[in-house]
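Take a look at the structure below.
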Amino acid sequence: MMNFMHQNKLKKLKDLFLLEEFKHLHHHDFFTDRLLIYSPLYLPDILKGLKFLEEALSSNKKIFVFGDRDVDGITSTTIITDYLISYRNHQSLIFKNSTEGDTYGISDKIIQEILEINPDLIIFLDMGSSHIHYLKQIVELNKKIIILDHHIPQIDDIPENDFKNIAFINPLMSNILLEHQNKISTAGITLKFILAYELYVTKVIHKIQIIKTNDYYIFQNGYYINKIKEWEQIEEYSINKKKYTLLKIKDFLPYFNTIPQSTFENLIHSNPIEFGKYITALSIELRPAILEIFMQYSSLAAIGLIADQVPLIGENRTIVKAGLGLLKHKPKFLEGFKALLQQLGLNPDALTSKDVGWNISPVINAAGRIGETEKAIDLLLEKNPIKAIEKASILIEFNNQRRERTKKNAQILENNNEHIEEENSYVLFYHEDLEPGVSGIMASRMAEKYQKPAIWINPEGEFAKGSVRSWGGINVLEMLSPIKDVFVDLGGHAEAVGFTIEYNKIPLLKEKLKEITAKYHKGLDNSYNTENKNYKEFSIKPEYLGEDLIQDLRLLEPFGPENPEIYFLLKSVKICDLEKFNDKHLKFKVIRALADIEFILWNAFPDILTEDFEELKKFRWDISGIFERNIFYPFYTNCRYRFYVKYIEQKDNIDDLLHF
């Protein structure tokens with residue numbers, strides 16, 4: 001019932017609901033405008049971590065926060081640092097992030113720095129899951145440690161006693177598999193951690209809800225405990241009668257008045273864990289102070305989630321929607337973030353996942369990639385609007401420098417094809433002249449070009465640094481783990497890995513890779529096909545391109561993993577008003593489409609099309625691409641919309657058909 005209601009909201013894309021590849025649109029919370037997230041209690045060690053934080057804050061103990069240099073690490077650091085200063089008024093706080101040139105994650109260097117600072121509580125962000133062994137010295141000094149991380153844990157050889165003073169909050173450690181497969185970025189985890197702390201100090205997190213249907217469903221702040229048949233069984237759970245609330249499904253209807261009672265009943269019977277999201281949502285939304293904090297940092301969490309390419313379904317999708325302003329409750333942007341949006345020319349009231357992925361994330365990421373991570377933190381924490389504008393301009397200049405490094409490395413790659421080592425299961429490139437700081441983007445480009453996992457290695461001071469990007473579903477951390485002794489350090493997740501390696505061990509790495517990766521060749525061939533392409537295509541008439549379609553797409557935002565951006569296919573259309581620009585690109589229009597839609601084909605000449613425009617107009621074409629609002633309208637163009645062409649295919653010749 002609920003999905004038919006949302007289907008009626010779509011004006012041009014109703015047929016998506018009928019297609020198998022869009023079945024995720026039927027999920028109960030896909031179109032929600034409410035804060036439907038899982039209870040923080042699903043996070044492992046969460047209560048232990050909250051207790052550590054409470055002890056430190058109540059006694060004004062020294063806290064040291066250390067985050068990674070990438071977008072997820074920077075946004076996580078900003079969230080928890082600003083929260084502790086602005087909302088908890090904690091003055092005994094030191095924060096820092098790694099930067100380019102540092103070893104990935106926790107290292108002996110940072111441990112020595114921590115020992116010199118001598119904090120009572122250390123919070124590691126976006127790191128730690130593969131570096132527990134470094135923490136032994138700190139644990140032995142009876143320091144408390146909170147790890148907020150989402151990378152694959154490597155703790156098999158760590159004694160259990162070493163964890164006594166460590167709250168290891170990593171969703172991948174949970175034995176309860178949630179809808180997003182427990183894949184949530186550290187920024188998302190950090191947002192949920194400060195939310196949990198607010199619920200903890202107000203005692204809300206301990207509240208028990210019992211939902212009566214034919215059975216009794218027991219929850220704690222939305223965390224599903226169990227189902228019982230008879231009320232007498234409640235005694236088995238040692239629940240204090242003064243601390244639980246007995247509810248019926250109908251009690252939820254006034255708060256979610258667009259959802260039928262039957263939908264709630266079906267959901268609690270089929271998936272009580274998902275039903276618990278509605279309890280958690282109310283625990284936030286009905287408390288203005290807690291709601292304000294969540295919305296204050298939702299935009300930063302959204303950036304981290306999008307940047308780390310986690311599945312944008314379920315609670316990940318909800319958090320991103322909160323940060324983009326797509327929920328009932330609107331985000332509150334920090335001054336530094338508002339300044340960055342202004343300098344980038346982005347409308348804060350109409351942000352999209354593409355704005356984050358293509359514009360915001362690269363600028364934040366650039367600081368860490370050129371050794372200036374602290375400048376990104378300084379911007380995001382800045383409270384003065386004028387100073388924030390100045391700092392945002394500096395970050396944008398850093399991004400320009402990063403682009404120049406990328407161009408230089410791309411040229412080195414092109415000029416040294418003989419150094420590219422392509423095997424059946426992977427491709428690897430190393431050259432002594434490569435610039436540091438852009439290995440991730442270069443590895444991604446190689447993976448896409450060669451359609452196999454890519455390993456990019458560049459020199460960086462004392463050691464070489466490497467980035468690995470997956471392709472075709474290959475788990476690259478699993479692939480490299482058997483030879484982890486080759487590296488100084490190695491960490492990451494299934495889709496992306498970073499490592500540090502001694503220069504003299506690069507030849508050994510190449511040898512070992514050939515030995516261990518043969519088994520992945522078959523898997524790679526079987527797993528990559530057109531059904532696994534990273535976009536979904538939908539055939540549409542040219543007349544449908546317009547404002548109604550833009551509004552439909554807004555309802556489907558945010559796009560990303562598990563909800564890819566839709567590519568629209570126009571079949572057998574004629575083109576007109578062709579115009580070449582910047583020597584190699586093409587701008588044109590499509591007959592039967594609105595006149596204020598400009599179609600853009602990058603790098604059209606000379607490889608894709610001929611420059612004989614009269615000849616091109618004779619043919620019909622299949623055109624596939626992305627349709628969106630034109631950000632350059634009305635200042636630089638009179639076209640309100642743009643269609644970015646991904647591919648164009650020639651069909652029949654109109655003049656030839658006229659002979660029949």
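A few comments on the model shown:
- Spacing of the modelled spin labels on residue 628 and residue 481, each 7 Å from Cα toward Cβ, amounts to 3.6 nm.
- Heavy atoms of residue 646: accessible area, 1.4 Å probe, square angstrom to 10: 100
- Close amide-amide hydrogen proximity is noted between residue 247 and 210, 211, 212, each under 5 Å apart and 5 or more residues distant or on a separate chain (H modeled in the peptide plane; Pro and chain starts excluded).
- Computed from backbone phi, the HN-Hα couplings of segment 609-619 come to 10, 7, 8, 7, 5, 5, 5, 4, 6, 6, 9 Hz, rounded to whole numbers (Karplus: 6.51 cos²θ - 1.76 cosθ + 1.60, θ = phi - 60°; Gly and Pro given as x).
- Extension gain, residue 547 back to residue 390 (0.36 nm per residue minus Cα-Cα distance, nm): 52.9 nm
- Nitroxide proxy distance, nm - points 7 Å out along Cα→Cβ at residue 215 and residue 421: 5.6
- Taking amide H positions as modeled 1.01 Å from N, with prolines and chain starts lacking one, the residues under 5 Å from residue 604 and 5 or more places away or on another chain are 585, 586.
- Over the residues of the chain, the helix contribution to mean residue ellipticity at 222 nm works out to -10500 deg cm²/dmol, using -39500 (n - 2.57) for each DSSP H run of at least 4.
- Förster radius 35 Å - calculated FRET efficiency between residue 108 and residue 538, Cβ distance, rounded to 0.05: 0.10
- Once backbone amide H atoms are built at 1.01 Å from N, residue 225 has 218, 219, 220 as its partners under 5 Å, excluding neighbours fewer than 5 places away on the same chain.
- Debye log10 I(q)/I(0) for segment 1-128, one point scatterer per Cα, at q = 0.15 Å⁻¹: -0.80
- By average C-beta atoms within 10 angstrom, highest first, the peptides 550-561, 50-61: 550-561, 50-61
- Working note: Cα atoms of segment 281-432, range along each principal axis, descending, whole Å: 63, 40, 24.
- Whole-Hz ³J(HN,Hα) from phi, Karplus 6.51 cos²θ - 1.76 cosθ + 1.60, for segment 173-188, glycine and proline x: 8, 6, 9, 10, 8, 8, 4, 8, 6, 6, 9, 9, 5, 5, 4, x
- Rg/Rh, computed from the Cα trace of segment 333-416 with Rh as the Kirkwood radius, has the value 1.05.
- Each residue, residue 577 and residue 614, gets one label point 7 Å from its Cα in the Cβ direction; the gap between the two is 2.2 nm.
- Carbon plus sulfur fraction of accessible area for the chain, probe 1.4 Å, in percent: 48
- The length gained on full extension between residue 246 and residue 462, counted as 0.36 nm times the residue separation minus their Cα-Cα distance, comes to 71.5 nm.
- For segment 409-466, the relative contact order works out to 33 percent when only alpha carbon pairs closer than 8 Å and six or more residues apart are counted.
- Lys/Arg +1, Asp/Glu -1 at C-beta; segment 300-398 dipole; positive extreme among 394, 320, 301: 320
- Legend: residues 422, 116, 615, sorted from most to least accessible area (1.4 Å probe; ligands, DNA and RNA excluded), read 116, 422, 615.
- Computed from phi, the 3J(HN,Hα) profile of segment 32-45 under the Karplus parametrisation 6.51, -1.76, 1.60 (θ = phi - 60°) reads 5, 10, 10, 7, 7, 10, 6, 4, x, 5, 6, 6, x, 6 Hz, with x in place of Gly and Pro.
- Diffusion of the chain by Stokes-Einstein, at 20 °C in a medium of 1.002 mPa s and with Rh set to the Kirkwood radius over alpha-carbon pairs, works out to 80 µm²/s.
The values are calculated or read from the model by the stated rules, or taken from the named source; none is laboratory data. None of these values were measured; they are calculated from a predicted model. Here the Cβ is made from the backbone with ideal geometry for all residues, glycine too, and neighbour counts use every protein chain on show. To get the accessible areas, we keep the full protein, side chains included, count just its heavy atoms, and leave off ligands, DNA and RNA. Shrake-Rupley method; radii C 1.70, N 1.55, O 1.52, S 1.80 Å.
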